[in-house]
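The values are calculated or read from the model by the stated rules, or taken from the named source; none is laboratory data. Since the structure is predicted, the reported quantities are computational estimates derived from the model, not experimental observations. Ideal geometry is used to build each Cβ from the backbone, glycine not excepted, and the neighbour counts take in all protein chains shown.
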Amino acid sequence: MQSNKYIISAILLAATVACGTEPTPIYEATPDSLYKGSMYYASSEYNCKSCHGTAWDGNGPEAKALKEQGLEVPSFVDATAPEVTPVDYFKAMTIGTDNTRDLPSGHAYQSHTDRGRWAMAHYLYSLAPPLAAKDRAKRQEAIHKAMQEVEQAYASSRRWNMGYTPLKERPQAPRLEEMSGYNPAPAEE
């Protein structure tokens with residue numbers, strides 16, 4: 001299988017990165033995260049493979065209905081533009097894309113942790129065939145720029161909120177007493 005060759009290459013590349021002594025940030029590709037990404041995808045009954053398919057080719061059981069609505073389901077095993085990075089995959093899973101905003105989920109799978117979405121993003125990104133030599137410098141530049149954004153986002157938080165209002169900035173929910181009309185006033189004597 002040709003796609004296995006790409007997975008093994010990505011794992012070997014990630015293994016060289018993982019040899020440092022510092023803990024690996026959750027957004028880095030490691031052999032462990034690539035493996036977990038493959039498992040998350042394979043075990044996802046209602047997420048990825050229902051549209052993208054078990055062969056990662058965009059022909060899952062739900063893809064036909066989406067195509068009839070004018071939404072093309074991308075294949076992960078086709079070539080990607082040099083400007084595409086794993087960050088694009090992560091964002092598509094986290095907040096959706098312009099094309100997926102009308103889907104019931106918006107294509108935003110917040111049920112997965114950041115670490116889980118990064119694992120799937122790196123795994124799915126690894127399935128594409130290698131770039132032509134002429135496009136590799138452009139790809140490296142795109143990855144460098146995207147990872148600067150990621151590093152900045154995670155510098156102050158364990159979660160990349162990407163447009164979501166952080167919990168501490170959300171309006172407070174009303175108190176139970178306010179919602180039920182019950183107001184425990186002290187008894188008068």
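Determine if region 76-91 includes at least one residue that is modelled with pLDDT under 90 and among the acidic types (Asp, Glu). No; the residues of region 76-91 include none that is modelled with pLDDT under 90 and among the acidic types (Asp, Glu).
The sole residue among Thr113, Thr100, Thr54, Thr94 that is touching a His at 6+ places or on another chain (Cβ under 7 Å) and more than 24 Å from Asp135 (Cβ to Cβ) is Thr100. Is it the case, given these coordinates, that Val150 is in a loop (DSSP other than H, G, I, E, B), among the β-branched types (Val, Ile, Thr) and modelled with pLDDT of 75 or more? Here the answer is no, as Val150 does not meet what is asked. Here the condition is being more than 26 Å from Cys48 (Cβ to Cβ) and modelled with pLDDT of 70 or more; of Ser126, Ser180, it holds for Ser180 alone. Pairs linking a residue in region 12-33 that is on the phi < 0 side of the Ramachandran plot and at pLDDT 85 or above to a residue that is of a type in the set (Ser, Thr, Tyr) and surrounded by fewer than 19 Cβ atoms within 10 Å (Cβ to Cβ), with Cβ atoms under 7 Å and 6 or more positions apart or on different chains, are Pro25/Tyr154; Tyr27/Tyr154; Thr30/Thr24.
Looking only at region 115-138, residues that are crowded, with 18+ Cβ neighbours inside 10 Å and charged (D, E, K, R) come to 1 in all.
Scan region 37-88 for residues that are exposed (fewer than 13 other Cβ atoms within 10 Å of the Cβ) and touching a Pro at 6+ places or on another chain (Cβ under 6 Å) and jot them down. Within region 37-88, no residue meets the criteria.
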